[in-house]
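Scroll down for the structure; my scribbles are underneath it.
None of the figures in this text is laboratory data; all of them are computed from the coordinates on show. These numbers come from a predicted model, not from an experiment. Virtual Cβ from ideal backbone geometry, glycine too; neighbours counted across all protein chains shown.
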Amino acid sequence: MRQQRSMMSFGKSVLAALGVLLSAGVVLAQDDTDFGKREFMRACASCHGATGKGDGPVAKSLVKPPADLTKLSANNKGVFPISRVFAVIDGRIQVMVHGPREMPVWGDVYTRGLSERAPRDFMSKELSDALVRVRILTLVEYLSTIQDK
C-alpha cells in the first residue's frame, strides 16, 4: 500500500514536471517579450497604460495612482528589482502582510484561471504554482525591457 502511494506520488510529480516543461516550452518557443507584452496589455495596461507610465484609462478612477513601471530600475539605483516586481505582481504574500490593495492579486487570478480550465483533479498545487510562476516571470521580463535608460 505504501509503495503504491509512493508510485502515485511519483507519477503526479512526473506529470507536474512535464506540464511545467511543456508550458515553459510554449512560452519560450514564442518571443518572450511578445508573450510578456501581450500579458501586460491584457492584464496591466488598463491601469498602467500601454507604455507602462501609469496613464491607463482606468488610472483616473483609482484612489492611488498606478506606478510608472518604466521607472522601476531608476527608483532602485539603476538595477531592475526582479524579486520585488515578481512579488508585487504575484501579490499572494503581500496581501497577507499588508492587507488589501487596489492592484489585483494576479497569483490568485492566474491560479483560478488554470483550475477553471483544467480537468478536475488534474491540476496539482505544484503544477499550478509552477505555471503561474512562468506566466508572471514572462511579465517581469517584459517590464525589464520598458525601463527608461
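Brief remarks follow.
- Karplus-based coupling profile of the range 74-79, in residue order and whole Hz: 4, 7, 10, 6, x, 10, with θ = phi - 60° in 6.51 cos²θ - 1.76 cosθ + 1.60 and x standing for Gly or Pro.
- Full extension of the chain between residue 34 and residue 76 gives 12.6 nm of extra length, using 0.36 nm per residue less the Cα-Cα distance.
- Simple spin-label estimate for residue 51 and residue 83 in nanometres, 7 Å along Cα-Cβ: 3.3
- Gain upon complete extension [residue 63, residue 124; 0.36 nm per residue less C-alpha separation]: 18.3 nm
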